[in-house]
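The values are calculated or read from the model by the stated rules, or taken from the named source; none is laboratory data. Note that the coordinates shown come from a computational prediction; the quantities given were computed from them, not determined experimentally. Virtual Cβ from ideal backbone geometry, glycine too; neighbours counted across all protein chains shown.
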Amino acid sequence: MTPPDSVLECLQSNRDRILAELVELASIPSVSTDPAHAADMRAAAGWVAGKLAGAGPFAVRTIETPHNPVVYGEWLGAPGALTVLVYGHYDVQPADPLEKWHSPPFVPMLRDGRLYARGVSDDKGPMLIPIKVAEAFFKTAGALPINVKCMFEGEEEIGSPSLDAFIRDHQALLAADVVISADGAMWRIDEPSLTVASRGLAGLEITLTAAGKDLHSGRHGGAIANPLHAMAQLIASLHDETGRVAVAGFYDRVQELPENERADLAALPFDESTYLAQIGAPATFGEPGYSTLERLWTRPTLEVNGMWGGYQGPGSKTVIPSEAHAKITCRLVPDQDPAEIVALVSKHLEAHIPPGTRLEITPGDHGARAARIPSDHYALAAASEALEAVYGVKPLVVRMGGTVPISELFQRRMGLETVFFSFSTADEDYHAPNEFFRVHRLHEGLEAWARYWMLLGSERAR
């Protein structure tokens, strides 16, 4: 079902204003992991609440959590129609390393059809889209074609630690027929796609210590263990030489993909040399026996996200550091439990402590299971139809190697499926310097969300 011409015309005529509002939002340094940005988190939540209230007759609330507030709004003026819960997040990743940005990360800059700023793709641009679509419907049609609830959180970039309890404690408030996520990203820029599965997440941090203080490497070298050497040895023990995870029990709950699903993945248009050129790597590497897409989307991983210790300033400082550190995360597939994986990795590390060192393990304060939406879900079919109307081709059905905790939480807590309907793409450098959002994707997303809501409001969607 096509939206009224007046809705699409309203979105078209307000393009510049919508882009300007995105610039405003992206200027707020809402970095959730850094306590120094607590006031910025409040400012971002207030900005989002104000725009949602200004979009139309939404009942808007800002609900406190142990960390950052949830901005919630609802309009339930379509009796008998579906109710959708729109999800997004207003928090962003840190901008470090700042020296690699071509322009300040919180001073949005428009260059060659791209808006550059931290968080503009993940998730401020995509999150703003449904707010402005609602505004266009209210301004021109006076109502939405479906009932809409919006839940915008401020903790996604720290693993949504308050979200599980929030969903558990607010099930009546959040009750809906389906969740539509403005977070998630499409696979590639050259064709539309719908993501039907995402991996889970588990993490931990480890510290190795030896002496009680840094030591002179001339006076003590050769007599005392060096924690940096020991950390390299310990980290190396986590994989075998082929790239397979060497932790006992790590793969015990992993189910092999059915052959028809492996065939579907193999049929997707994926060129390995193009992928390598895009990321600047000389070759692929990983668990043997699986294609690159299978390893990216359907196999579990264990990655070292950071290792540090000792002197890192200019020139030389001849010390044996007293401690070394590392951060580890695992991406999980269906049936793997985050707590169990952390326990298995911890057991492996404890069994491989290098001589002369002590090990301290700190489990991550959150985890997430893998999730998947049934391929025949009506909201997925409507999303496909909306994308085809905008782009002229059927979207690819793909998976996500990353983790969006909400899909598993809503599935487990409320029996709700999540459709990822984001208009960022995987190449937009979110979590890295020079993150950007393509302006044309902003406008395509506005049209697609309008079409999607009309389709969900039709009898065919139900």
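From SER162, SER198, SER193, which residue is under 22 Å from the mean Cα position of the chain (by Cα) and within 20 Å of ALA386 (Cβ to Cβ)?
Exactly one of SER162, SER198, SER193 is under 22 Å from the mean Cα position of the chain (by Cα) and within 20 Å of ALA386 (Cβ to Cβ), namely SER193.
Considering only residues that are among the aliphatic types (A, V, I, L, M) and outside any strand (DSSP E or B), look in the range 322-348 and name the one that is farthest from GLY243 (Cα to Cα).
ALA339
Restricting attention to the range 67-100, which residues are surrounded by fewer than 17 Cβ atoms within 10 Å (Cβ to Cβ) and in contact with a helix residue (DSSP H, G or I) (Cβ under 9 Å, 6 or more places away or on another chain)?
Once the filter is applied, which keeps residues that are surrounded by fewer than 17 Cβ atoms within 10 Å (Cβ to Cβ) and in contact with a helix residue (DSSP H, G or I) (Cβ under 9 Å, 6 or more places away or on another chain), the range 67-100 yields only PRO94.
Which members of the range 93-151 meet the condition of being farther than 20 Å from VAL178 by Cα and among the aliphatic types (A, V, I, L, M)?
Residues satisfying the conditions are ALA95, LEU98, VAL107, MET109, LEU110, LEU115, ALA117, VAL120, ALA136, ALA141.
If a residue has to be assigned to a strand (DSSP E or B) and acidic (Asp, Glu) to count, how many in the range 274-321 make the cut?
The total comes to 1.
What number of residues in the range 129-179 are small (Gly, Ala, Ser), modelled with pLDDT of 95 or more, closer than 19 Å to LEU416 by Cβ and crowded, with 17+ Cβ neighbours inside 10 Å?
Adding up the residues that qualify gives 1.
Residue by residue through the range 138-173, note down the ones that are assigned to a helix (DSSP H, G or I), touching a strand residue (DSSP E or B) at 6+ places or on another chain (Cβ under 8 Å) and not aromatic (Phe, Trp, Tyr).
From the range 138-173, those assigned to a helix (DSSP H, G or I) are 138-140, 156-158, 163-169, 171-173; that's our starting set.
With touching a strand residue (DSSP E or B) at 6+ places or on another chain (Cβ under 8 Å) added as a condition, the list becomes 156-157, 163, 166, 173.
Selection gives GLU156, GLU157, LEU163, LEU173.
May I ask you to list the residues in the range 1-34 that are buried (at least 16 other Cβ atoms within 10 Å of the Cβ) and in contact with a Ser or Thr (Cβ under 6 Å, 6 or more places away or on another chain)?
Those that are buried (at least 16 other Cβ atoms within 10 Å of the Cβ) and in contact with a Ser or Thr (Cβ under 6 Å, 6 or more places away or on another chain): MET1, VAL7, CYS10.
Can you name the condition, by its number, that GLU408 falls short on among (1) assigned to a loop (DSSP other than H, G, I, E, B); (2) within 28 Å of GLY154 (Cβ to Cβ); (3) among the acidic types (Asp, Glu)?
Of everything listed in (1) assigned to a loop (DSSP other than H, G, I, E, B); (2) within 28 Å of GLY154 (Cβ to Cβ); (3) among the acidic types (Asp, Glu), GLU408 misses just condition (1).
Which numbered condition in (1) closer than 18 Å to LEU238 by Cα; (2) in contact with a Pro (Cβ under 6 Å, 6 or more places away or on another chain) is the only one that ALA351 fails?
Evaluating ALA351 over (1) closer than 18 Å to LEU238 by Cα; (2) in contact with a Pro (Cβ under 6 Å, 6 or more places away or on another chain) leaves (2) as the failure.
For ALA248, indicate whether it is in contact with a Ser or Thr (Cβ under 8 Å, 6 or more places away or on another chain), assigned to a loop (DSSP other than H, G, I, E, B) and not β-branched (Val, Ile, Thr).
Considered against the rule, which asks whether it is in contact with a Ser or Thr (Cβ under 8 Å, 6 or more places away or on another chain), assigned to a loop (DSSP other than H, G, I, E, B) and not β-branched (Val, Ile, Thr), ALA248 comes out as no.
Quick check on THR292: is it outside the structural domain of GLY222 (by TED's automatic domain parsing), more than 22 Å from PRO161 (Cα to Cα), β-branched (Val, Ile, Thr) and over 19 Å from the mean Cα position of the chain (by Cα)? Spell out the reasoning first.
Values: outside the structural domain of GLY222 (by TED's automatic domain parsing): yes; more than 22 Å from PRO161 (Cα to Cα): yes; β-branched (Val, Ile, Thr): yes; over 19 Å from the mean Cα position of the chain (by Cα): yes.
Yes.
Hey, among ASP177, ASP190, which residue is without any contact (Cβ under 8 Å) to a residue 60 or more places away in the chain and in the same structural domain as GLY154 (by TED's automatic domain parsing)?
One residue alone meets the criteria, ASP190.
What pairs come up if the first residue lies in the range 122-139 and is over 15 Å from TRP47 (Cα atoms) and outside the structural domain of TYR72 (by TED's automatic domain parsing), the second is of a type outside the set (A, V, I, L, M, F, W, C) and buried (at least 24 other Cβ atoms within 10 Å of the Cβ), and their beta carbons are under 6 Å apart, counting only those six or more places apart or on different chains?
none
Determine whether the range 253-260 contains at least one residue that is among the basic types (Lys, Arg) and part of a loop (DSSP other than H, G, I, E, B).
yes
Scan ALA248, ALA225, ALA210 and give me the residue that is among the small types (Gly, Ala, Ser), touching a residue at least 24 places away in the same chain (Cβ under 8 Å) and in contact with a strand residue (DSSP E or B) (Cβ under 8 Å, 6 or more places away or on another chain).
Working: ALA248 fails: in contact with a strand residue (DSSP E or B) (Cβ under 8 Å, 6 or more places away or on another chain); ALA225 fails: in contact with a strand residue (DSSP E or B) (Cβ under 8 Å, 6 or more places away or on another chain).
After applying the criteria, what remains is ALA210.
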